[in-house]
Amino acid sequence: MEKRPHLDIVLCAPRGFCAGVDRAIQIVELALEKYGAPVYVRHAIVHNKYVVEGLKAKGAVFVEELDEIPETESPVVFSAHGVPKSVPADARSRNMFFLDATCPLVSKVHVEAQRHFEEGHEIVLIGHEGHPEVVGTMGQLPPGAVTLIETVEDANRFVPKNPDTLAFVTQTTLSVDDTREIVAALKARFPAINGPHKEDICYATTNRQEAIKAVAPMVEAMIVVGSPNSSNSQRLVEVALRAGCRIATLVDRASEIDWSVYGDIKSLGVSAGASAPESLVVEVLDAFAARYDVKVETKTTAEERIAFNIPKVLRTLETASGR
């Protein structure tokens with residue numbers, strides 16, 4: 001029997017599901033338990049293909065817009081990324097029963113944007129165009145009230161109506177370092193700009209990036225488990241490369257691993273985006289264990305004990321299920 005090469009695997013901690021993702025998935029699962037299938041979900045509940053397919057198998061029906069849903073008394077769930085104000089308004093006009101799975105940390109950004117608007121500020125949103133969270137945040141306010149800035153170049157080109165009444169908010173899943181640079185560029189040009197009372201980039205995004213930064217210099221390659229449409233997962237790959245890891249790749253699951261990339265590496269870091277379940281991390285570890293003689297250790301850079309409440313209408317069921 002051929003001797004397998006040795007491989008040291010360093011698992012990043014924290015990794016995987018955050019409290020907002022966990023809550024959103026629970027909302028769909030509890031709605032299915034309480035009301036039965038179908039439960040309609042507007043947009044992917046979280047950006048993970050495996051999670052979405054698993055919920056579909058249980059009876060969730062995913063749509064992009066409310067007009068795809070027939071007249072129904074079944075629940076309609078809004079995704080963790082948040083929605084423009086027009087969406088719940090539309091749902092009410094159609095007499096839909098809806099459950100809002102927006103992450104509370106995204107809702108916090110919505111509240112900040114609304115407050116700045118009411119105080120007469122011109123608002124800048126740092127984020128990625130077209131991402132559902134950005135669409136949802138911009139959709140809290142009238143058209144034209146928010147200017148999207150994606151890069152330092154955008155920040156340097158931006159011409160406000162009044163530089164003395166500016167405020168900024170950010171998408172919750174950005175690169176901490178990239179965002180810091182953009183904020184610095186804005187503050188250099190507009191010293192009076194108002195920022196959030198507390199950082200908008202969520203604790204989970206920050207913690208996962210910090211764990212990657214700690215592990216990346218220790219290993220020859222890094223795998224991030226997550227879907228390509230997951231912003232926070234994509235950022236983890238970028239952070240690993242920037243932190244000095246030679247190879248960093250994003251995989252949805254073990255079947256996507258390109259083994260030609262890894263060859264004779266002696267060390268590997270493994271993490272997962274905030275919407276990737278731990279079962280997929282285990283799948284990746286098992287795939288490496290089948291080809292290498294692996295030794296696995298965990299590098300922990302933060303402890304997470306945050307949990308968010310689910311909607312009241314589902315809470316009795318949550319208690320009964322022992323969740």
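Å³ per residue of the Cα convex hull, for the stretch 105-189?
86
Can you pull the percent of Cα pairs in the chain with separation above 28 Å?
It works out to 46 percent of all Cα pairs.
Pull up all non-local amide H partners of residue 194: gap of 5 or more, or a different chain, and H-to-H distance under 5 Å with H placed in the peptide plane.
Amide H neighbours of residue 194: 166, 167, 168.
Exactly which chymotrypsin sites (Phe, Trp or Tyr not before Pro) in the stretch 1-56 are in a DSSP loop and have at most 12 other Cβ atoms within 10 Å?
Here no chymotrypsin sites (Phe, Trp or Tyr not before Pro) fit, given the DSSP loop and packing criteria.
Between residue 222 and residues 5 or more places away or on another chain, which pairs have amide H atoms under 5 Å apart, with H built 1.01 Å from N, and which residues are they?
Residues meeting the criterion, in which the H sits 1.01 Å from N, are 247, 248, 249, 269.
In what sequence, highest mean first, do 288-298, 122-132 appear when ranked by Cβ atoms within 10 angstrom?
Final packing ranking: 122-132, 288-298.
What value does the stretch 19-103 have for Rg/Rh, both radii from Cα atoms and Rh as Kirkwood defines it?
Taking Rh as the inverse mean 1/r over Cα pairs, Rg/Rh reads 0.92.
Using mean Cβ contacts within 10 Å as the protection proxy, how do 133-146, 265-278, 190-203 order, highest first?
265-278, 133-146, 190-203
Pairs of Cα atoms under 8 Å, at least six residues apart: use those to get the relative contact order of the stretch 137-256, whole percent.
22
If you average the sequence gap of Cα pairs under 8 Å that are 6 or more apart and divide by the length of the stretch 105-189, what percent do you get for the contact order?
About 38 percent, as a whole number.
When the convex hull of the Cα atoms of the stretch 55-169 is projected onto a plane and the area is averaged over all directions, what value comes out in nm²?
Computed as one quarter of the Cα hull surface, the answer is 8.5 nm².
Mean Kyte-Doolittle of at least 0.0 and a Cα length of 30 Å or more along the axis: which whole DSSP H helices of the chain meet both?
none
How large is the dipole of the chain about the Cα centre if only Lys and Arg carry +1 and Asp and Glu carry -1, each at its Cβ, rounded to the nearest 20 debye?
About 580 debye.
For Cα pairs less than 8 Å apart in space and 6+ apart in sequence, what is the mean separation divided by the residue count of the chain, i.e. the relative contact order in percent?
26
Using a basic spin-label model with each label point 7 Å from the Cα along Cα→Cβ, how many nm lie between residue 177 and residue 242?
0.5
Coordinate-derived values only; no laboratory data. As the structure is a prediction and not an experimental result, all values here were calculated from the model. All Cβ positions, even for glycine, are placed from backbone atoms using ideal geometry, and neighbour counts span all protein chains on display.
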